[in-house]
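In what follows, a structure is listed as structure tokens, so that the remarks can point back to it.
FYI, it's all coordinate maths here, none of it is from the lab. On a predicted model such as this, the values are computed, not experimentally measured, just so you know. In this analysis, Cβ positions are derived from the backbone assuming ideal geometry, glycine residues included, and neighbour counts consider all displayed protein chains.
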Amino acid sequence: MLESKNGMKDGLLNSIKAGPPALLELSSKITALVVDDNTLNQTIHHRLLDNLGIQNQVVGNGKEAVDVHCSGKNFDLILMDMDMPVMNGIEATRKLRSMGIRSLIAGVSARSAEKEKQEFIEAGLDDYQEKPLTTIKLASILHKVKKDG
Amino acid sequence: MEVGQMQRRLAEYTKSLFMEGILDAQFLQLQQLQDESNPDFVVEVVTLFFDDSEKLLNDIARALDQQCVDFKKIDAHVHQLKGSSSSVGAQRVKNACVAFRNFCEEQNAEGSLRCLQQVKQEYNLVKNKLETLFRLEQQIVAAGGSVPMIESSF
């Protein structure tokens, strides 16, 4: 019953569940950047990506995310927190887009109020997921990377 | 106690934590991310949660103790605690934070103090239960057994 509506997403989830060979084929070439100031979230998001064979780097705020790109690095996917010191996710997303960064940027925040979400999305997000991030939520983001890539 | 008995005891104990709403499905998610190459992932993440929570609870208590209470600041701390607790599946701490934020919005000092006590109580409960859970796991490993994977069927 879910197949007609979420057929493609389910297909991706099945390939994730199918184990390393299918998984590697899907995600081994995807690179990701985790942008979050909280060590707990950094650890979980890093492990979630690692678990799917996705090579990833972790930085602690929006400014560091911008700096990493200035140094010439590029990622297929950016998991962007909203509330961070120095430079928050909204400013960082705007800045990255103004620099011409076309990576898929997914906002990942505990904020659930429509107005707060809206400002973040309008800054240039491709996707928004409410924390806590799970393998299923990550899979739905990855599906977009795959489709766009 | 023999290993099988210890494993059954661990399974029962874990189940009770879900039944009592102390933990939710997010904790299972963390357990699923633990494997041979990351054998201490859950303990590592939960330790970060303990550190985070204790710092935030102190910050909140200190902020509430001021002559002129900055509710915006307290709300930001409670929001962070809500995020951390939901990341590890500490459901009752998370729910207590949700209630707390309503009192912050009303700038209700008395209600906020009551909520702080409630959050602390739920935090101490989940901390205690998780420490017991890890101890049971360690005892099984020390006795040469393996920690069974928890099914998410309940």
**Fill in**
As a Kirkwood estimate from alpha-carbon pairs, chain B has a hydrodynamic radius in angstrom of 16.6 Å
**Size of electric dipole in the range B:1-119: Cβ of Lys, Arg +1 and of Asp, Glu -1, about Cα centre, debye, nearest 20** = 320 debye
**Alpha-carbon spread of the protein assembly as shown, three principal axes, descending order, Å** = 58, 57, 41
**Prompt:** How big is the equivalent ellipsoid of the range A:46-147 along its three axes, where each semi-axis is √(5λ) from the Cα gyration tensor, reported in whole Å from largest to smallest?
**Reply:** 19, 18, 13
**Message:** Under a crude label model (7 Å from the Cα following the beta-carbon direction), how far is A:K73 from A:I121 in nanometres?
**Reply:** 3.0 nm
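Using the 10 angstrom Cβ neighbour count as an exposure proxy, how do B:S87, A:S112 rank, fewest first?
Details: B:S87 27, A:S112 9.
Ascending number of Cβ neighbours within 10 Å: A:S112, B:S87.
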**Prompt:** Which residues' amide hydrogens lie under 5 Å from the amide hydrogen of A:T31, considering only partners 5 or more residues apart or on another chain, with H built in the peptide plane?
**Reply:** A:D76, A:L77
